[in-house]
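> The following block contains the structure, expressed as structure tokens.
The values are calculated or read from the model by the stated rules, or taken from the named source; none is laboratory data. Fair warning: this is a prediction, and the values are worked out from it, not measured in the lab. Ideal geometry is used to build each Cβ from the backbone, glycine not excepted, and the neighbour counts take in all protein chains shown. Ligands, DNA and RNA are excluded from the accessible area calculation, which covers all protein heavy atoms including side chains. Shrake-Rupley method; radii C 1.70, N 1.55, O 1.52, S 1.80 Å.
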Amino acid sequence: MNSVSEPNPPVTMPQCKSLHRLSGQIALVTGANSGIGRAVALSLAREGAAVGINYLGGRDAAMAVVDEITQFGGQALAIGADVSDERQVEGMFSQMLKTFGTVDILINNAGLQQDAAFDQMSLAQWQRVIDVNLTGQFLCARAAIREFKQRGVRPDISCAAGKIIGISSVHEVIPWAGHVNYAASKGGVMMMTKSIAQEVAPYRIRVNSICPGAIRTPINRAAWETEAAYDQLMTLIPYRRIGEPEDIGRAAVWMASDESDYINGISLFVDGGMTLYPGFAEGG
Ligand code: NAD
């Protein structure tokens, strides 16, 4: 198919019935049994989306998220899959389609760190982080876009045929010594996101990233757990508080909803100003 053809004509806001934030929509959140993914899944469900709760290990935590959603009247399904494994990703999407009929929103959140000084970093550490953080986002985005393209826009549900939100990081632009594999993976996510967005925008598919700063989750416990670590962290954050997973949940709801319908291919920094070069606040 010609990538510049326009098989889905524009559906502009006034024609589009749904300004209900996410009701009737189907979302898949990867790595949704912990931290940011869990908060995003709960936030999407509170706005009316049915949510696939992907996990790798930690089934109990995934089931707890499902229970929380069903308790407030929402719909959710736990799906175990390693996002870096092509066959498992295909299986996860099949389960979503079988259960919910389609997917409207993909939150590419699963990610990890395996830190080492650069000259001590093993190929296995490099490869695992690239496989999960970058290839995982590729595999899930590809499966989602296949579904969005074949289904097209449902104007009663959303102005777009589908939305993909990659959870990137401030480290898509801030270099990070001792974490070269992680920073490289997130830099890759940035260009992958923008390039996919450019390619599929004519199909009315939106592809954006959210770039969290320091958020209070298990991945960066060492950075906030002690008072000394927290005080040190604050020197990097002009807004002088750590981010909470719900800060990302709220941004994701907005980014997935028609309220952001004209936004495509951007990196939205949710970081309390971490990318404002706080070292230059005085002098420089
Ligand atoms: P977390 O460790 O709580 O969550 C990571 C999730 O990813 C977990 O549920 C984990 O099981 C899952 N996961 C890891 N490998 C997986 C795989 N192969 N397949 C499926 N799931 C897998 O940490 P978090 O802070 O919630 O991280 C979520 C995302 O946010 C990551 O992409 C991370 O890079 C990004 N991020 C976090 C921060 C922060 O300060 N916490 C900042 C910037 C970006």
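> Looking at segment 198-212, which of its residues are away from the ligand (no atom under 11 Å from the Cβ) and β-branched (Val, Ile, Thr)?
Scanning segment 198-212 gives 200, 205, 207.
> Conditions first: (1) within 13 Å of the ligand (Cβ to nearest atom); (2) surrounded by 14 or more Cβ atoms within 10 Å (Cβ to Cβ); (3) modelled with pLDDT under 95. Residue 57 passes all but one, so which condition is the exception?
Failing condition for residue 57: (2).
> A follow-up question, please. Among the residues of segment 84-95, write down those that are open to solvent by 20 Å² or more (accessible area, probe 1.4 Å) and more than 11 Å from the ligand (Cβ to nearest atom).
86, 87, 90, 91, 94, 95
> To continue, here is another question. Test each condition in (1) surrounded by 14 or more Cβ atoms within 10 Å (Cβ to Cβ); (2) assigned to a helix (DSSP H, G or I); (3) more than 9 Å from the ligand (Cβ to nearest atom) for residue 98 and report the one that comes out false.
Condition (1) is where residue 98 drops out.
> A further question on this structure: Filter segment 64-83 for residues that are open to solvent by 30 Å² or more (accessible area, probe 1.4 Å) and within 20 Å of the chain's Cα centre (by Cα) and give the result.
Result: 75, 77, 80.
> Please tell me if residue 275 is more than 12 Å from the ligand (Cβ to nearest atom) and under 20 Å from residue 178 (Cβ atoms).
No.
> Would you please name the residue that is nearest to the ligand (Cβ to nearest atom), looking only at residues in segment 104-119 that are surrounded by fewer than 24 Cβ atoms within 10 Å (Cβ to Cβ) and among the aliphatic types (A, V, I, L, M)?
112
> Anything in segment 29-49 that is in contact with a strand residue (DSSP E or B) (Cβ under 9 Å, 6 or more places away or on another chain), surrounded by fewer than 24 Cβ atoms within 10 Å (Cβ to Cβ) and under 22 Å from residue 257 (Cα atoms)? List them, or say none.
Of everything in segment 29-49, those that are in contact with a strand residue (DSSP E or B) (Cβ under 9 Å, 6 or more places away or on another chain), surrounded by fewer than 24 Cβ atoms within 10 Å (Cβ to Cβ) and under 22 Å from residue 257 (Cα atoms) turn out to be 35, 42.
> Output the residues belonging to segment 179-231 that are free of Cβ contacts under 8 Å to residues at least 60 places away in the same chain and of a type in the set (Phe, Trp, Tyr).
The answer is 224, 230.
> Looking for something open to solvent by less than 60 Å² (accessible area, probe 1.4 Å), more than 30 Å from residue 148 (Cβ to Cβ) and either in a helix (DSSP H, G or I) or in contact with a Lys or Arg (Cβ under 6 Å, 6 or more places away or on another chain) (or both) - is there at least one such residue anywhere in segment 261-271?
no
> Of the residues 219, 242, 215, only one is within 12 Å of the ligand (Cβ to nearest atom) and at pLDDT below 95; which?
219
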